[in-house]
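To start, the structure under review is shown below, and the notes come after it.
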Amino acid sequence: MSQPSLRRAAGTPYWVLLALSGVAAALRIFHAGVHELRGDEAFGLLFSTQPVPDILTQTLQLLEPHPPLDYVLLHFWTAVAGDSEWALRFTSFAFSILAIPLIYQLGRQLDGVETGLWAALLFAVSPFQIWHAQEARMYAISTAFGLAAGVALLRAERTGETR
């Protein structure tokens with residue numbers, strides 16, 4: 001089979017996706033660092049200050065229900081960006097913005113361009129998604145990875161490629 005083309009898919013309005021991502025970013029940035037850390041966020045910060053092997057070990061020992069990737073990302077991110085409320089919530093913010101084109105791709109693969117755009121619009125302005133983008137927890141990361149997995153699975157199923 002030939003390599004998938006990186007060309008623009010017919011009818012895909014990239015400027016609309018860019019605008020939706022900009023709107024989503026503005027909604028997610030607005031007041032992102034105003035609220036003080038909530039209980040779970042403070043726990044995540046405390047957990048992420050440990051060395052990475054300890055984060056992984058304690059995740060298993062304490063039966064922590066959340067995957068350790070968020071704590072590991074936070075461990076390295078706070079070393080670079082600091083531990084202000086805004087800095088702690090930045091990874092959630094970034095993954096939530098990344099989810100906009102992913103949900104568009106999922107909707108487009110399932111039912112076409114219009115469905116993809118509606119999905120991206122609803123995701124961009126969803127209060128639930130904005131809330132999780134402004135929270136220093138793993139929910140936005142899990143959402144983005146879940147959408148990426150869905151897009152990859154549909155693409156693999158339709159093309160027969162497993163890459």
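The values are calculated or read from the model by the stated rules, or taken from the named source; none is laboratory data. Computed from a predicted structure; not experimentally measured. Cβ coordinates were reconstructed from backbone atoms using ideal geometry, including for glycine residues, and neighbour counts include every protein chain displayed. Ligands, DNA and RNA are excluded from the accessible area calculation, which covers all protein heavy atoms including side chains. Shrake-Rupley method; radii C 1.70, N 1.55, O 1.52, S 1.80 Å.
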Worksheet entry | Qualifying residues in region 27-38 (those that are open to solvent by 60 Å² or more (accessible area, probe 1.4 Å) and in a helix (DSSP H, G or I)) - the one modelled with the highest pLDDT | 27
Practice prompt. Those residues that are outside any helix (DSSP H, G or I), acidic (Asp, Glu) and surrounded by fewer than 15 Cβ atoms within 10 Å (Cβ to Cβ), I need them from region 109-162; list them, please.
Written response: 161
Discussion item. For the list (1) of a type in the set (Gly, Ala, Ser); (2) modelled with pLDDT of 95 or more; (3) under 15 Å from residue 23 (Cα atoms), I need the number of the one condition that residue 133 fails.
Written reply: (2)
Fill in: All positions within region 66-87 that are over 13 Å from residue 47 (Cα atoms) and part of a helix (DSSP H, G or I)
77, 79, 80, 81, 85, 86, 87
Item to complete: Take the residues in region 43-71 that are aliphatic (A, V, I, L, M) and free of Cβ contacts under 8 Å to residues at least 12 places away in the same chain, then tell me which one is surrounded by the fewest Cβ atoms within 10 Å (Cβ to Cβ).
Response: 63
Discussion item. Residue pairs, Cβ under 7 Å, 6 or more apart or interchain, first in region 126-151 and in contact (Cβ under 8 Å) with a residue 12 or more places away in the chain, second open to solvent by 50 Å² or more (accessible area, probe 1.4 Å) and of a type in the set (Phe, Trp, Tyr). List them.
Written reply: 132/139
Item to complete: Please specify each residue of region 1-22 satisfying the condition of being aliphatic (A, V, I, L, M) and either at pLDDT below 75 or open to solvent by 70 Å² or more (accessible area, probe 1.4 Å) (or both).
Response: 1, 6, 9, 10, 18
Worksheet, complete the sentence: Exactly one of 91, 78, 57 is at pLDDT 90 or above and within 17 Å of the chain's Cα centre (by Cα), and that residue is 91
Practice prompt. Among residues belonging to region 78-98 that are within 21 Å of residue 21 (Cβ to Cβ) and of a type outside the set (Gly, Ala, Ser), point out the one that is most open to solvent (accessible area, probe 1.4 Å).
Written response: 86
